[in-house]
Amino acid sequence: MNYSRFITDDTYYVGASDRRLSLFENVFPIPKGVSYNSYVITDEKTALLDLMDESVSKQGFENIAGVLNGRPLDYVIINHMEPDHCSRLDELILRYPQVKVVGNAKTLKMINQFYDLDMQDRFVSVNEGDTLELGRHTLTFVNAPMVHWPEVMVTYDTLTKALFSADAFGTFGALGGNIFNDEYDFEYEFLEEARRYYTNIVGKYGVQVQAVLKKASALDIKYICPLHGPVWRSNLDYIIGKYDVWSRYEAESQSVMIAYASMYGNTESTVNVLANVLAEKGVKDIRIYDVSKTDVSYVLSDAFKYKRLVFASPSYNGGLYPKMENLLLDLKAHSLKDRKVVVIENGTWAPSAKKTILSILETMKVDIVNADLTVKSSLKDSDMECIEKIAEDILA
């Protein structure tokens, strides 16, 4: 059963959503599911822009066939070769044996790595600024390397002014029939997941995202059609502005995020006392995470959001509690910078957490404003002066 939707009079959304998958890329929890977006243009020539994940390919192929309504498929444009967007290229070619495959040289290399397909007479290689005429529609190709794979490109339709943006401007979360941003309360329903998607999937590549945003600023864009999440047809400056802030590693909130590890509750009690002191000083929107319970993707997302970060951890086997070390290494891998950071360690017989935390943070471009508190097993009244100093330092 076809359930495609119009974007414009001859441009269709033919994607589908997966609500069963629990881990995106077998790493990131997606309790709200995820959409896999594909698009079809029906002009004198027909074009499919990107495929979809195998999990929704049955529905996707039904949607494509319904839109084509017996017409041949002339082109499939591969903006991104990752398998959640290109897992059934082989089946597409079986269904539409005359189809031409459009991509760049790096795309072709990856096709040959993923598939045993003969591309000699089928592949159309395009470079930056090249165009493809469909009839009324002229498609222009713009390279977007490392957003977030090296072969990535985006496609701009000069007629409808739609930007098919690959993974850029995407978000976790399934679509519920509605496909456009203005059919949702985006800030309430999608913003947290859009930030978590960006920071974890693309966040490492802020410089490359800035380069693509600069290219996009030269285009007259009326639609943004990403590979995950809603299609943007209104308030485009909002999501472009978010990407600009995220890719510059600028904090959206001047408030405080506290991430802690605690084996028996003593480190947890310490950060709760600190949070109370911060609240008494007028701080609102204090976010606290237990790194042993909350998936690292959520903590990393809020580390991008908040300007002031606290990391508190017990020592463990002469080093650092593993879950905290995992978080810090993930933050480093995603190039987080320009944050004010406080470090708190706990230790009963040989405190060692601080040394390991600092060895990671000192390789990052962050401002370590206080690392003076070593809790000896549990917080004491004599530690309160240091807690007060921590609060003052991180808010300064």
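Under the √(5λ) rule applied to the eigenvalues of the Cα gyration tensor, what semi-axes describe the equivalent ellipsoid of segment 87-242? Give them in Å, descending. Don't skip to the answer; put the middle values down first.
On the way: eigenvalues 149, 62, 57 Å².
Taking √(5λ) for each Cα gyration eigenvalue gives 27, 18, 17 Å.
In segment 343-389, which trypsin sites (Lys or Arg not before Pro) fall in coil by DSSP and have 15 or fewer other Cβ atoms within 10 Å?
Details: sites: K354, K355, K365, K376, K380, K389; in loops: K365, K380.
Hits after loop and neighbour filter: K365, K380.
Mind ranking 52-63, 109-120 by how tightly packed they are, going by the mean number of other C-beta atoms within 10 angstrom, highest first?
Numbers: 52-63: 19.5, 109-120: 12.8.
Ranking the peptides 52-63, 109-120 by packing returns 52-63, 109-120.
Which distance in nm do the two modelled labels at N235 and E187 give, with both placed 7 Å along the Cα-to-Cβ direction?
In this crude spin-label approximation the distance works out to 0.7 nm.
Taking the full set of protein chains and a 1.4 angstrom probe, give the accessible area of T348 in square angstrom, rounded to the nearest 10.
T348 exposes around 110 Å² with every protein chain in place.
Can you work out the Karplus-derived ³J(HN,Hα) for every residue in segment 340-349? Use 6.51 cos²θ - 1.76 cosθ + 1.60 with θ = phi - 60°, whole Hz, and x for glycine or proline.
8, 10, 10, 10, 10, 10, 10, x, 9, 10
Towards the positive end of the charge dipole of the chain, with charges on Cβ (+1 Lys, Arg; -1 Asp, Glu), say which of L48, Y197, I7 has the farthest Cα.
Y197
Cβ neighbours within 10 Å, averaged per peptide: list 163-169, 194-200 in order, most packed at the top.
Most protected by this proxy first, the peptides run 163-169, 194-200.
So what is the relative contact order of segment 343-396, in percent, for Cα pairs below 8 Å that sit 6 or more residues apart? Let's see the in-between values first.
Working: 46 pairs, mean separation 21.6, N = 54.
Answer for segment 343-396 is 40 percent.
Computed from the mean reciprocal separation of all distinct C-alpha pairs, what Kirkwood hydrodynamic radius does segment 199-250 have, in Å? All intermediate terms of the calculation are to be shown ahead of the outcome.
Values: mean 1/r = 0.0855 Å⁻¹.
Kirkwood radius, segment 199-250: 11.7 Å.
Mind listing which chymotrypsin sites (Phe, Trp or Tyr not before Pro) in segment 251-347 are in a DSSP loop and have 16 or fewer other Cβ atoms within 10 Å? Write out the running numbers ahead of the final one.
Details: sites: Y260, Y264, Y289, Y298, F304, Y306, F311, Y316; in loops: Y264.
Taking segment 251-347 and a limit of 16 other Cβ atoms within 10 Å, the loop chymotrypsin sites (Phe, Trp or Tyr not before Pro) found are Y264.
Per residue, how much accessible area does segment 260-396 have with a 1.4 Å probe, in Å²? Each step should come with its number before you reach the end.
Values: 6250 Å² over 137 residues.
Result: 46 Å² per residue.
Taking 8 Å as the Cα distance limit and 6 or more residues as the minimum spacing, I'd like the relative contact order of segment 1-131 as a percentage.
Values: 222 pairs, mean separation 26.1, N = 131.
Value for segment 1-131: 20 percent.
Ordering W349, W232 by how much accessible area each has at a 1.4 Å probe, largest first, what is the list?
Working: W349 210, W232 5 Å².
Ranked list, largest accessible area first: W349, W232.
Quick one: net charge of S125's neighbours, Cβ under 13 Å, K/R +1, D/E -1? Numbers along the way, then the final one.
Numbers: positive: K100, K106, K109, R122; negative: D121, E128, D130, E151.
After counting each charged neighbour, the total is 0.
Nearest 5 is fine: what % of DSSP beta bridges in the chain come out antiparallel, could you say? Mind showing how you got there, number by number?
Numbers: 29 of 67 bridges.
Of all bridge pairs located within the chain, approximately 45 percent are antiparallel.
What shape does segment 241-396 take by its C-alpha gyration tensor, where a ≥ b ≥ c are the square roots of the eigenvalues and a/c under 1.5 counts as rounded, a/b above b/c as prolate, and the rest as oblate?
On the way: a/c = 1.76, a/b = 1.28, b/c = 1.38.
In terms of gyration-tensor shape, oblate.
Tally up the carbon and sulfur contribution to the accessible surface of the chain as a whole percent, 1.4 Å probe, everything protein left in place.
49
Return the long-range amide H neighbours of V256 (sequence gap of 5 or more, or a different chain), with a cut-off of under 5 Å between placed amide H atoms.
The list, which skips near neighbours in sequence, is R287.
Taking only DSSP H segments of four or more residues, each worth -39500 (n - 2.57), what value at 222 nm results for the chain once the sum is divided by all its residues, to the nearest 500 deg cm²/dmol?
-9000 deg cm²/dmol
Could you tell me what fraction of 2.2 N^0.38 Å the Cα radius of gyration of the chain comes to, as a two-decimal ratio? Let's see the in-between values first.
Details: Rg = 24.1 Å, N = 396, 2.2 N^0.38 = 21.4 Å.
After normalising by residue count via 2.2 N^0.38 Å, the value is 1.13.
Let me check against my output: what whole-number percent is the relative contact order of the chain, with C-alpha pairs under 8 Å and at least 6 apart? Display every interim value, and only then the final one.
Numbers: 802 pairs, mean separation 43.9, N = 396.
For the chain, the relative contact order is 11 percent.
Excluding residues fewer than 8 places away in the same chain, name every one of the aspartates and glutamates whose C-alpha is closer than 13 Å to that of K45.
D10, D74, E133
Can you give me the angle between helix 384-395 and the longest principal axis of the chain, using Cα atoms only, in degrees from 0 to 90, rounded to the nearest 10?
Result, in degrees: 30.
Keeping all protein chains in place, calculate the accessible area per residue for segment 68-122 (probe 1.4 angstrom), answer in Å². Let's see the in-between values first.
On the way: 2660 Å² over 55 residues.
It amounts to 48 Å² per residue over segment 68-122.
The values are calculated or read from the model by the stated rules, or taken from the named source; none is laboratory data. Just so it is clear, the model here is predicted, and its values are computed rather than measured. Note that each Cβ is placed from the backbone with ideal geometry, even for glycine, and that neighbours are counted across all protein chains shown. Accessible surface is based on the protein model in full, side chains and every heavy atom, while ligands, DNA and RNA are left aside. Shrake-Rupley method; radii C 1.70, N 1.55, O 1.52, S 1.80 Å.
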